[in-house]
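Here's the structure, in structure tokens; my notes come after.
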Amino acid sequence: MAFSIDRMAAELRGLRGKKHVSQQEVADAVGVERVTIKNYENGLTVPSYETAWKLADYYGVSLDTIGGRS
């Protein structure tokens, strides 16, 4: 299965919704700006490998899940 930025964006939006947290809370937890989380969730940019790991840890999921391969 090929990588899709749209699937990643949708997965990140869904994970945040399931956890009932704001973009700011996620940003604070992983050490980025709120607008960066917004850009990830809108498919405008993708997280670095390091940030993707932090997001996976924060949400308690695998990197495959963050990448939309669940």
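Taken together, the values in this text are just the output of simple stated rules run on the coordinates, not laboratory data. If you're wondering where the values come from, they're calculated on a predicted model, not measured in any experiment. Note that we place each Cβ from the backbone using ideal geometry, even for glycine, and neighbour counts take in every protein chain shown.
Has segment 2-13 got any residue that is part of a helix (DSSP H, G or I) and free of Cβ contacts under 8 Å to residues at least 12 places away in the same chain? Can you show your working first?
Going through segment 2-13, the residues part of a helix (DSSP H, G or I) turn out to be 5-13.
Then keep just the ones that are free of Cβ contacts under 8 Å to residues at least 12 places away in the same chain; that gives none.
No, there is no match, as no residue in segment 2-13 is part of a helix (DSSP H, G or I) and free of Cβ contacts under 8 Å to residues at least 12 places away in the same chain.
Quick one: which residue in A56, A29 is in a helix (DSSP H, G or I) and in contact with a Leu (Cβ under 7 Å, 6 or more places away or on another chain)?
After applying the criteria, what remains is A56.
Is it the case that D64 is free of Cβ contacts under 8 Å to residues at least 24 places away in the same chain, in a helix (DSSP H, G or I) and exposed (fewer than 14 other Cβ atoms within 10 Å of the Cβ)? So that I can check it myself, show each step before the final result.
On the way: free of Cβ contacts under 8 Å to residues at least 24 places away in the same chain: yes; in a helix (DSSP H, G or I): yes; exposed (fewer than 14 other Cβ atoms within 10 Å of the Cβ): yes.
Criteria met by D64.
Looking only at segment 12-61, which residues are surrounded by 15 or more Cβ atoms within 10 Å (Cβ to Cβ) and on the phi > 0 side of the Ramachandran plot?
Once the filter is applied, which keeps residues that are surrounded by 15 or more Cβ atoms within 10 Å (Cβ to Cβ) and on the phi > 0 side of the Ramachandran plot, segment 12-61 yields only G43.
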